[in-house]
Each structure stands twice: as C-alpha cells, then as structure tokens.
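To keep things clear, I will list the structure first and then write my remarks on it.
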Amino acid sequence: GAVVSQHPSWVICKSGTSVKIECRSLDFQATTMFWYRQFPKQSLMLMATSNEGSKATYEQGVEKDKFLINHASLTLSTLTVTSAHPEDSSFYICSASPGGGDQPQHFGDGTRLSIL
Amino acid sequence: QKEVEQNSGPLSVPEGAIASLNCTYSDRGSQSFFWYRQYSGKSPELIMFIYSNGDKEDGRFTAQLNKASQYVSLLIRDSQPSDSATYLCAVNVEGGGNKLTFGTGTQLKVEL
C-alpha cells in the first residue's frame, strides 16, 4: 500500500521550455503532497507543500511563479517548471502521506530533468 | 531553525556486521521519526518509523528513540552489500502536518 507514482521519469528539453511533472497517489487520498529537489550528492530540499484545493506553500527562496503547483484532486498534484533553464536541471521528487500528522511520507520515483 | 543532524560518513562495515546509524534533532516538540534509504540516483524509500521511546524491530532493522536525549538511531544487523546506500533521518515538524525535516544522510558502505 501507499504507492506514489510520478511521471515522467526523465525529461530532456531545450532552454525556455515549460515542463509538467505529475504526482499521483495510487491507493490512498493525499490532502497534502510535497515537492523536493535534489542536486547531485546533495540532500533533499523541500520546495513546496501542495494542498488540495488551495494554493501551495513555498519554501523560502523558491520562486512560486517559476515552479507552478496545482493540486486539483486528492490523488494528483502537478509541478510545472516554467521557462526552464540549465540551472533548473535537477532530480525532482514528490511525496505524499495517507493520513494524519504522524504518518510517513511516501516518495514517487522522481523525475530527472535536463535542460539543454 | 529546526535541525536534524547526521554524520555524513561514509560508514564502512564488513558484510555480516551490525551497522549503527545515528541522528540527533533539535525540535523537542517532534513526535514522529522516520528512516529512509536512498540508493544513488533513486528516490528515498521508507525503512522504518518510530513514535515512542525505546526500540522497534522490523526484520534486520531496529530503530531506537530517546526523546530526552533527542536522539534516534537505526541498527542494521547482518549487513549485506545491498544495504549500501544513503540513510536519511527525518523528523516531523511540530504543527506542520506531515511536513518533515530531513538530515543530510549517512552513506553506508557494506564491504565484502
């Protein structure tokens, strides 16, 4: 149980392109999902908390106009990297939790984004 | 700033030995503690979680929690080369719902 699916796994695109990443909870409902970014050999960095039916909460230093988050249903959140540039190349990972504040987060498989 | 501290390693242990991974946290209000394993190039995978003081065992893994000392650890018995990975300690943020604070991870190498 508690399976999180993330799509696509890999994206390679040109600079200036916008890229959408989907995160789905397959066997549970998730009021809250989380988006992380991880650069090589570095730790996870929380970008934003995605709340179903409301605006996302962004961490300090994360540009909300560049990283658009939509959480339209209890099983789907999307992250759109707008006008992506090479410095946005990274490993993006979503997570979701099936229950209350003491429940673990379960991670998707991640999306490796490469901007040329 | 709520912090979770881990020794970055690498921690090298021989195959069959016990690996001991440690984590300290600063938020006394934290109630939930998690260990994740992350293989290189992959996303984190939940290994164990613990909420109460003491030990919790699951197969070869044992999580230990001491809230008074703000200390949580993970023991891996009979370590295997497949256990070689980075282990992330995560602590819930008090009042933050499911939001977690992650340590930077300890790299474990199990040698033949």
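Quick notes on this structure:
- Cα-based Lys proximity count in chain B, under 23 Å, for pairs eight or more positions apart or on separate chains: 7
- Most mobile of A:Pro86, A:Pro40, A:Pro104 in a GNM of chain A (Cα contacts under 10 Å): A:Pro40
- Expressed per residue, the C-alpha convex hull volume of the stretch A:53-116 stands at 109 Å³.
- Counting Cβ atoms of other protein chains within 10 Å of each Cβ in A:39-50 and taking the mean gives 3.
- With at most 16 neighbouring Cβ atoms within 10 Å, loop trypsin sites (Lys or Arg not before Pro) (DSSP) excluded, longest segment of chain A: A:67-116
- Sites A:Thr82 and B:Thr104 - FRET efficiency at Förster radius 35 Å, r taken between beta-carbons, to 0.05: 0.75
- Note on B:Glu45 and B:Ser12: the extension gain reaches 9.8 nm, defined as 0.36 nm multiplied by sequence separation minus the Cα-Cα distance.
- Taking all C-alpha pairs of the stretch B:24-112, those more than 23 Å from each other amount to 22 percent.
- Pairs of Cα atoms nearer than 8 Å and 6+ residues apart set the relative contact order; for the stretch A:34-116 it is 25 percent.
- Among A:Glu87, A:Glu59, A:Glu22, residue whose mean-square fluctuation peaks in a GNM of chain A (springs only between Cα atoms under 10 Å): A:Glu87
- Proportion of all alpha-carbon pairs of the protein assembly as shown beyond 22 Å (%): 52
- Note on A:Asp102 and A:Ser15: the extension gain reaches 27.3 nm, defined as 0.36 nm multiplied by sequence separation minus the Cα-Cα distance.
- Accessible area per residue was computed with a 1.4 Å probe on protein heavy atoms; B:Phe61 scores about 30 Å².
- Left without a cysteine partner by the 4.7 Å Cβ rule in chain A: A:Cys13.
- Using C-alpha pairs under 8 Å with a sequence gap of at least 6, the mean separation divided by the residue count of chain B gives a relative contact order of 38 percent.
- Å² of accessible area per residue within chain A, as computed with a 1.4 Å probe and no ligands counted: 49
- Residues whose amide H falls under 5 Å from that of B:Gly9, counting only those 5 or more places apart or on a different chain, are B:Gln107, with hydrogens built in the peptide plane.
- Number of Lys pairs (Cα under 20 Å; 8 or more positions apart or on different chains) in chain A: 6
- Ratio Rg/Rh [Cα only; Rh per Kirkwood] for chain A: 0.95
- Annotation: the antiparallel percentage among DSSP beta bridges lying fully within chain A is about 90.
- Area buried, chain B against chain A - accessible surface, total, 1.4 angstrom probe, square angstrom: 1500
- Accessible area per residue, Å², the stretch B:4-56 with all protein chains present, probe 1.4 Å: 49
- Minimum 20 Å² accessible area buried by the other protein chains, the stretch B:19-63 residues, probe 1.4 Å, relative to alone: B:Ser32, B:Phe34, B:Tyr36, B:Gln38, B:Gly41, B:Ser43, B:Pro44, B:Leu46, B:Tyr51
- Among A:Cys13, A:Cys23, A:Cys94: highest mean-square fluctuation, GNM of chain A, C-alpha pairs under 10 Å: A:Cys13
- Using a probe radius of 1.4 angstrom, the carbon and sulfur fraction of the accessible surface of chain B is 46%.
The values are calculated or read from the model by the stated rules, or taken from the named source; none is laboratory data. No experiment lies behind these values; they were computed from the predicted model shown. As a convention, Cβ positions derive from the backbone with ideal geometry for all residues, glycine included, and neighbour counts pool all protein chains shown. Please note that ligands, DNA and RNA were not included when accessible areas were found on the heavy atoms of the full protein model with its side chains. Shrake-Rupley method; radii C 1.70, N 1.55, O 1.52, S 1.80 Å.
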